[in-house]
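For reference, the structure is listed below as structure tokens.
The values are calculated or read from the model by the stated rules, or taken from the named source; none is laboratory data. Nothing here was measured: the structure is a model prediction, and the numbers come from that model. As a convention, Cβ positions derive from the backbone with ideal geometry for all residues, glycine included, and neighbour counts pool all protein chains shown.
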Amino acid sequence: MASPVFSVDLKFKDEYRVNHHAIDKQHEQLFLMAGEIINLHLQNRDQSLIIKKLRSLYTGLEEHFAFEESVMEACGYPEKQVHHNLHQDLLVRTARFLARYEAEVISLGDLYGFLHGAILQQHFLKDDKKFCDYLHGKNLTDMAGCICQ
Ligand SMILES: [Fe+2]
Ligand SMILES: [Fe+2]
């Protein structure tokens, strides 16, 4: 009998949106990349493939953070430096997590906790949401290149 193939269905829900079209689009892509990594891990796929995907996620985060900071710069977000520090911290943590993944066996809970918890739930849904709420509250959507209402 063939062994069952496990997977998680990680859909980017509407409630994950922070109300900035380009940022949401990038968040969705990063979320899908993270979901693919979790599924590859669940399916016990080749570790080198998962490490390659984690490296791509790191690069994707770096590009996304630079874009987000350029939007903050354009609309004069007063907490830009604080947010930049959060991005730097998340990149350091991602690099450390990647090194751990290469060196030891990582549990599904740790992987999910990092990708879904630290990146999505904490950063995207709290830190980024705070910035997007600010630009909507101050009517800075034009300056931020935001087409959302
Ligand atoms: Fe973000
Ligand atoms: Fe951010």
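Please enumerate the residues belonging to region 48-100 that are in contact (Cβ under 8 Å) with a residue 12 or more places away in the chain, assigned to a helix (DSSP H, G or I) and touching a His at 6+ places or on another chain (Cβ under 9 Å).
Scanning region 48-100 gives 50, 61, 62, 64, 65, 68, 69, 71, 72, 86, 87, 90.
Could you tell me whether any residue of region 64-80 is away from ligand 2 (no atom under 12 Å from the Cβ), among the aliphatic types (A, V, I, L, M) and within 18 Å of residue 108 (Cα to Cα)?
No, because not a single residue in region 64-80 is away from ligand 2 (no atom under 12 Å from the Cβ), among the aliphatic types (A, V, I, L, M) and within 18 Å of residue 108 (Cα to Cα).
Which pairs have Cβ atoms under 6 Å, sit 6 or more apart or on different chains, and link a residue in region 130-149 that is modelled with pLDDT under 85 to one that is in a helix (DSSP H, G or I) and not aliphatic (A, V, I, L, M)?
147/21; 148/21
Which residues, taken from region 87-141, are among the polar types (S, T, N, Q), surrounded by 14 or more Cβ atoms within 10 Å (Cβ to Cβ) and more than 15 Å from ligand 1 (Cβ to nearest atom)?
Within region 87-141, just 141 meets the criteria.
Would you mind telling me which numbered condition in (1) in contact (Cβ under 8 Å) with a residue 24 or more places away in the chain; (2) assigned to a loop (DSSP other than H, G, I, E, B); (3) surrounded by 15 or more Cβ atoms within 10 Å (Cβ to Cβ) residue 12 fails?
Residue 12 satisfies all of (1) in contact (Cβ under 8 Å) with a residue 24 or more places away in the chain; (2) assigned to a loop (DSSP other than H, G, I, E, B); (3) surrounded by 15 or more Cβ atoms within 10 Å (Cβ to Cβ) except (1).
Do we find a residue being exposed (fewer than 13 other Cβ atoms within 10 Å of the Cβ), away from ligand 1 (no atom under 14 Å from the Cβ) and within 17 Å of the chain's Cα centre (by Cα) anywhere in region 34-43?
No, every residue in region 34-43 fails to be exposed (fewer than 13 other Cβ atoms within 10 Å of the Cβ), away from ligand 1 (no atom under 14 Å from the Cβ) and within 17 Å of the chain's Cα centre (by Cα).
Restricting attention to region 52-74, which residues are away from ligand 1 (no atom under 15 Å from the Cβ) and either within 13 Å of residue 27 (Cα to Cα) or surrounded by 15 or more Cβ atoms within 10 Å (Cβ to Cβ) (or both)?
53, 54
For region 75-86, how many residues are under 16 Å from residue 128 (Cβ atoms) and surrounded by fewer than 18 Cβ atoms within 10 Å (Cβ to Cβ)?
So the count comes out to 8.
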